[in-house]
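The values are calculated or read from the model by the stated rules, or taken from the named source; none is laboratory data. Only a predicted model underlies this, so the values are computations on that prediction, with no experimental measurement involved. So basically every Cβ, Gly included, is an ideal-geometry build from the backbone, and we count neighbours across all protein chains shown. The area values use the complete protein model at the heavy-atom level, side chains included, leaving out ligands, DNA and RNA. Shrake-Rupley method; radii C 1.70, N 1.55, O 1.52, S 1.80 Å.
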Amino acid sequence: MSENAGAGADFSAAELARGRALRRARLPWVLGGQAAALLLAAALGFTGAGAGLVSAAGDLFGGSWAARVLGGSAALVLLGRLVALPFSARVRTASARFGLVTQGWAGWAVDALRGTAVTLALFLPLALGLYALIGRSPGHWWAFGAVAAALLTVALSFLHPLVFEPLFNRFEPLPEGELRTALLELARRDGIAVRDVLVADASRRTTALNAYVSGFGPTRRIVVYDTLLTTAEPREIELVAAHELGHVKHRDVLTGTVLGALGAAAVVPVLAALLAWRPLLDAAGAASPQDPRSLPLLAALAALIGAASLPAQCAASRRIEARADRHALELTGDAEQFIAMQRRLVVANVADPYPPRALELLLATHPSGGRRIAAARAWSNG
């Protein structure tokens, strides 16, 4: 779809200009943050600077092998967060200018510290276990590591809604009433046993509207932002819930977890082969893969593989989201309200409904609002 196709019918000139202005204000800082993270990883991983950082951090805690693994891991995490901080702050500043931020800087700082603490709590024991495994089985650690990576991916997917989400938001069941009854009836007609519909207190951070599904099995739940409940019409909220039910119906969380586990397992032997390549070890200033000074090299390789795979991950996500949209339309048969809901999301979130196609292909996890509206019209006319 061209940038102007359908724009006059769905969005005013002011709404289009506002969405584009926010995109242009945030994009340089989003891309800059990603580039800075990769440059930092490369500078530490492919030169002796990273080895020196690991040694210095380990020496602060006695200089033992474990001290170097833990101290080096902590230094990498903290330095990465420090480099990303100004870019995140500029993205927040741009969002605040467009009325999307309700949280003060103090709250933002607390969230940043909390996120860093969670990352350290996860990364440090994982790094220690990984390097213990490499030291115990230098030639075959990748096989055990691949299995561990797959199991860890599954465990984190299961624990995320129970442990990590409550660290950043409070969740309450949607109160009894017509809306809750309508949503549960929608799930019943769809043949889906919904454990609960929860409301997240997103308004303490943002005015943006959103909903999502997380967990699987006994932890599965549909989560709706409180901003959506206070802004959208009940029928529009039903359409959002129908979209989320589409994720449940097609087992998207479970499928994503399985694919993520397989992907993590596949990456481990690649990392093992690269980590054992002598030219890379020499450049990184590490004596061997089990040398804690190879930590920055491992982190750099993982970061580069992750960045290279991002467009493919985004493409898969967009297909999944488009399928959930079709499910919502088929379940409700209400293309008109679906379009109204998509329009409300675009306007409230100050989104660009017609972003440059290249940008959408490379970075977008969801189809643009304009494409989702066009797809709903095509479904209605077909």
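Descriptive notes on the structure:
- With respect to the conditions (1) part of a helix (DSSP H, G or I); (2) at positive phi, Ala17 lacks only one, and its number is (2).
- Condition check for Val213: open to solvent by less than 20 Å² (accessible area, probe 1.4 Å) and at pLDDT below 95: no
- Comparison of Trp141, Trp108 shows that the only residue that is of a type in the set (Phe, Trp, Tyr) and open to solvent by 40 Å² or more (accessible area, probe 1.4 Å) is Trp108.
- Count of segment 321-351 residues which are open to solvent by 20 Å² or more (accessible area, probe 1.4 Å) and within 21 Å of Phe98 (Cα to Cα): 7
- Scanning segment 56-79 for residues that are surrounded by fewer than 18 Cβ atoms within 10 Å (Cβ to Cβ), farther than 14 Å from Asp291 by Cα and over 25 Å from the mean Cα position of the chain (by Cα) yields Ala56, Asp59, Leu60, Phe61, Gly62.
- Condition met for Leu82 (modelled with pLDDT of 95 or more and open to solvent by 60 Å² or more (accessible area, probe 1.4 Å)): yes
- Scanning segment 242-296 for residues that are touching a residue at least 12 places away in the same chain (Cβ under 8 Å) and of a type in the set (D, E, K, R), we see that the one that is surrounded by the fewest Cβ atoms within 10 Å (Cβ to Cβ) is Arg251.
- Cβ pairs under 9 Å, 6+ apart, first in segment 132-148 and in contact (Cβ under 8 Å) with a residue 60 or more places away in the chain, second hydrophobic (A, V, I, L, M, F, W, C) and not in a helix (DSSP H, G or I): Pro138/Ala276
- Only one of Leu179, Leu229, Leu174 that is buried (at least 16 other Cβ atoms within 10 Å of the Cβ) and closer than 22 Å to Ala335 by Cβ: Leu179
- Annotation note: of Thr153, Thr102, Thr116, the sole residue that is open to solvent by 50 Å² or more (accessible area, probe 1.4 Å) and polar (S, T, N, Q) is Thr102.
- Within segment 149-178, residues that are closer than 15 Å to Val199 by Cα have Cβ atoms under 9 Å from residues that are open to solvent by less than 40 Å² (accessible area, probe 1.4 Å) and among the polar types (S, T, N, Q) in these pairs: Pro161/Ser214; Pro161/Thr219; Leu162/Thr219; Glu165/Ser214, counting only partners at least 6 apart in sequence or on another chain.
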